[in-house]
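Comments concern the structure below.
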Amino acid sequence: MRLMSKIDKKAIQKEFQRHDGDTGSSDVQVAVLSERIEKLTEHLKGHKKDHSSRYGLIKMVSDRRRLLDYLKEKDEGRYQKIIAKLNIRH
């Protein structure tokens, strides 16, 4: 199962990049992980016994949480902007 096409990933990178060619900043990584988490959550709603994908989802959520904690520590403004833009928390 393919979660994201290259086109989807490029569009997310372009939207969240901090400068041209930015593909690895925390902002971009969090946005890509959020999209993957969203798609995998939808998949798991229809495939309740897919435990290996559920494990992958838990790992992705943990990775995103770690990146967000780092971002909050380094730059509170960017952190607030990205969680608002991705609608992660209220």
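The values are calculated or read from the model by the stated rules, or taken from the named source; none is laboratory data. Treat the numbers as computed from the prediction; the structure is a model and nothing was measured. Glycine also receives a Cβ, built like all others from the backbone with ideal geometry; neighbour counts cover every protein chain displayed. The protein model used for the area step is the full one, side chains on, heavy atoms only, and it has no ligands, DNA or RNA in it. Shrake-Rupley method; radii C 1.70, N 1.55, O 1.52, S 1.80 Å.
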Query raised in the report: Given Ser34, Ser53, which one is open to solvent by less than 70 Å² (accessible area, probe 1.4 Å), under 21 Å from Lys74 (Cβ atoms) and out of contact with any strand residue (DSSP E or B) (no Cβ under 9 Å at 6 or more places or on another chain)?
Result: Ser34
Query raised in the report: Here is a list of conditions, (1) open to solvent by less than 70 Å² (accessible area, probe 1.4 Å); (2) at pLDDT below 95; (3) in a helix (DSSP H, G or I); (4) not aliphatic (A, V, I, L, M), and Asp63 meets all of them except one; can you say which number that is?
Result: (2)
Requested in this report: With respect to Met4, determine if the residue is of a type outside the set (Gly, Ala, Ser), in contact (Cβ under 8 Å) with a residue 12 or more places away in the chain and part of a loop (DSSP other than H, G, I, E, B).
Outcome: yes
Report summary line: Within the stretch 66-85, the count of residues that are open to solvent by 90 Å² or more (accessible area, probe 1.4 Å) and within 13 Å of the chain's Cα centre (by Cα) comes to 2
Query raised in the report: Can you name the residue in the stretch 1-41 that is under 26 Å from Ser52 (Cβ atoms) and of a type in the set (Asp, Glu) and is also modelled with the lowest pLDDT among such residues?
Result: Asp8
Query raised in the report: Name the pairs whose Cβ atoms lie under 8 Å apart, with the first residue in the stretch 55-68 and over 15 Å from Leu40 (Cα atoms), the second open to solvent by 40 Å² or more (accessible area, probe 1.4 Å), and 6 or more positions between them or separate chains?
Result: Leu67/Gln29; Leu68/Ile88
Query raised in the report: Do the conditions hold for Ile58, that is, is it open to solvent by 60 Å² or more (accessible area, probe 1.4 Å) and either modelled with pLDDT under 95 or more than 15 Å from Leu86 (Cβ to Cβ) (or both)?
Result: yes
